[in-house]
Structure formats: C-alpha cells, structure tokens
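Asker: So that we are looking at the same thing, I have put the structure below in structure tokens.
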Amino acid sequence: MNPILKTAFEKEMSIAKDFYGKKDYTTSFRYLERAHVLGQRNAIEHTINHWWMLKVGFRTRDPKEIFGQVIRVLGGGIGSLVGRVPIGNTG
C-alpha cells in the first residue's frame, strides 16, 4: 500500500476505533466508511475494515448490516486481490 494512503487509512481507522470505544457507533461507522474507500484495493486493510464494520453491526444489533458484513469479511479480501472492488464504495 502506498505510504501516504496507508497513513490516511490508519488515521481513519484509529478515529473509528476511538469512537467505537466511546460507544458512538454511528460516528465510528462514518470513519470506517472513509477508511474503506482508502483501503478497499488492499486485501488485508479491506478485510480488517469489514471486520470492524461487522463489530459495529453487532453492537447496533442490525441484522442487515451483520449479514452484509459477514459476506464482505469472507469475500472482500479476495475481491481486493483480484481487483474486483467498486472504487469509492463505502462498504
């Protein structure tokens, strides 16, 4: 991953995790979406991001989000590896 992009991704993820820790799941998810746009072309970052989105889905008890993120955790990294991700998709 490009170092500038990696720094931006890590910053957004860090902010998302801070809000997650404060139980502000709406704001946390907003930052996870931003991180997703930055990291979706990289399998590891993409999968980590969807894992955190799944965690938010469980905390908010949102069955549609949980289902969607389980699918994405399982397939997102593979999609990144083969270049099959819609650019700009917020996750």
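Asker: Can you compute the FRET efficiency between Phe67 and Glu33 using 1/(1 + (r/R0)^6), with r the Cβ-Cβ distance and R0 = 22 Å? Round to the nearest 0.05.
Answerer: 0.80
Asker: Go through segment 1-42 and name the trypsin sites (Lys or Arg not before Pro) that are in a DSSP coil and have 10 or fewer other Cβ atoms within 10 Å of their Cβ.
Answerer: Lys22, Lys23
Asker: Sticking with this one: Out of the total accessible area of the chain (probe 1.4 Å, heavy atoms of protein only), what percent is carbon and sulfur?
Answerer: Taking all protein chains in place, the chain shows 60 percent carbon and sulfur surface.
Asker: While we're on this one: Using 10 Å bins from zero, what percent of all Cα-Cα pairs in segment 1-45 falls into each bin?
Answerer: Each 10 Å bin holds this share of Cα pairs: 34, 50, 16, 0.
Asker: Another question, if that's okay. What spacing in nm lies between the two simple spin-label points modelled at Phe58 and Thr26, each 7 Å away from Cα in the Cβ direction?
Answerer: The two pseudo-label positions are separated by 2.4 nm.
Asker: Only Lys, Arg, Asp and Glu count, each charged at its Cβ (+1, +1, -1, -1), so figure out the dipole size of the chain about its Cα centre, rounded to 20 debye.
Answerer: It works out to roughly 120 debye.
The values are calculated or read from the model by the stated rules, or taken from the named source; none is laboratory data. As the structure is a prediction and not an experimental result, all values here were calculated from the model. Positions of Cβ are backbone-derived with ideal geometry, glycine not excepted, and every protein chain shown enters the neighbour counts. Areas reflect the complete protein model, heavy atoms only, side chains present, ligands, DNA and RNA absent. Shrake-Rupley method; radii C 1.70, N 1.55, O 1.52, S 1.80 Å.
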